[in-house]
Amino acid sequence: MIDDTLPLLDLHRHLDGNIRPATIWQLAERNAITLPTANFEEFIPYVQVQHSEADLLAFLKKLDWGVAVLKNLDDVKRVAYENVEDAFNAGLHYVELRFSPYYMAMNHNLSITDVVAAIIDGVQAGLKSFNIKINLIGILSRTFGVKQCQLELEALLTFKDQLVAIDLAGDEYNFPGELFVEHFKQVRNAGLQVTVHAGEAGGAKSVWQAITELGATRIGHGVATITDQQLMTHMVNNNIAIESCLTSNFQTGTVNNISQHPLKEFLNFGIKACLNTDDPAVQGIEIKHEFEVAQKILHFSDNEIKQLQKNALAVSFLSNNDKATLLSNQNT
Ligand SMILES: [Zn+2]
């Protein structure tokens, strides 16, 4: 099982995919937003996947109520704070929380820049209450198009010193990475790291594109990588990591069955793959559940579990000093 001598990390965790159903309910009431049902229990299926969804877009729809109730910056700050609390309660030692400020701002016309500031504030307040380390990743929501992503990027870059990376997320199939080459030039010029959702709803070509044209050193999901041996070799040789999310890949229909997930093959091939949640509140799971899934359904040995933990630390966007500190904290 999970090795306590190594820290527990979650590198692929959406802040705006982890808004508690109870918080959505309360904010809707306070902000006079009508929800589709008058009963909390009946509301849960609107914001939480019950089994699996038809595809990625159906899955992503479950995130919409969480951001629909964010009427002001205090609401944004609250969900950021609660994300820190949830990560701490999940037993995590270090988390890279990612968020799309436009997606959180759009329903009530909040300023995208103000939303980024509110997220940073909320996370900092959380860090005062809970003993956990957190870094932030800004997301460009490709679903809203090239121009909107440019505005989102500009808001994020205003706070570039408080971010470690920029990600591209959303509708991979209809908004391929080719559309965002100019955006990621700016990201790299700003000195930020790049992780990209690829090979989830798109094929191996999408993963190649993310690496060679967008400059990604980590790939979110990357399930389609398994279909291209040359790509796998390229990833090993160039130290490109895969952020795997087992339950999410089942719930989005990316794999029909978790037992068919290629994570073990990635690991055995030498790709630095690690295990993550994705959207914990929407999925109704936490990080420890994902390790249980790896062990029970994919039959990971204790050594392979340990390798996932080691890979997460190695590929995290932490400085070498911070990695060493995190590791030594586990052994004191
Ligand atoms: Zn994701």
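FYI, it's all coordinate maths here, none of it is from the lab. Quantities reported herein were computed from a predicted structural model and do not represent experimental measurements. When we count neighbours, we look across all protein chains shown, and the Cβ atoms used for this are built from the backbone with ideal geometry, even at glycine.
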* Asked: Quick one: which of K272/K296; K61/K310; K160/K310; K77/K264 span more than 31 angstrom between C-alpha atoms?
  -> K61/K310; K77/K264
* Name the aspartates and glutamates eligible as straight-distance cross-link partners of K205: C-alpha to C-alpha under 13 Å, and not fewer than 8 places from it in the same chain. => E172, E178, E213, D228
* To do: Just rank Y81, Y102, Y173, fewest to most, by other beta-carbon atoms within 10 angstrom.
  => Y173, Y81, Y102
* **Fully extended contour minus Cα-Cα distance, from T34 to T158, at 0.36 nm per residue** => 41.2 nm
* Asked: Based on DSSP H assignment, which helices of the chain show an axial Cα extent of at least 18 Å together with a mean Kyte-Doolittle hydropathy greater than or equal to 1.0?
  -> 112-129
* **Added length on full extension, which subtracts the Cα-Cα distance from 0.36 nm per residue, L151 to D302** => 49.8 nm
* Could you calculate the contour length gain from A324 to N109, that is, 0.36 nm times the residue separation minus the distance between their Cα atoms, to one decimal place in nm? => 73.2 nm
* Structure fact -> antiparallel share of DSSP beta bridges within the chain, to nearest 5, in %, is 0
* Asked: Going by how many other Cβ atoms sit within 10 Å of their own, how do F99, F266 line up, fewest first?
  -> F266, F99
* Taking other Cβ within 10 Å of each residue's Cβ, how do T254, T158 sort, fewest first? -> T158, T254
* To do: May I ask for the Kirkwood hydrodynamic radius of the chain, worked out over all distinct Cα pairs and given in angstroms to one decimal?
  => 19.8
* Structure fact -> Whole-Å distance linking the alpha carbon centroid of segment 256-332 with that of segment 177-219 is 22
* Among all the aspartates and glutamates, which ones have a C-alpha under 15 Å from K323's C-alpha, if same-chain residues fewer than 8 places away are not counted? -> D10, E96
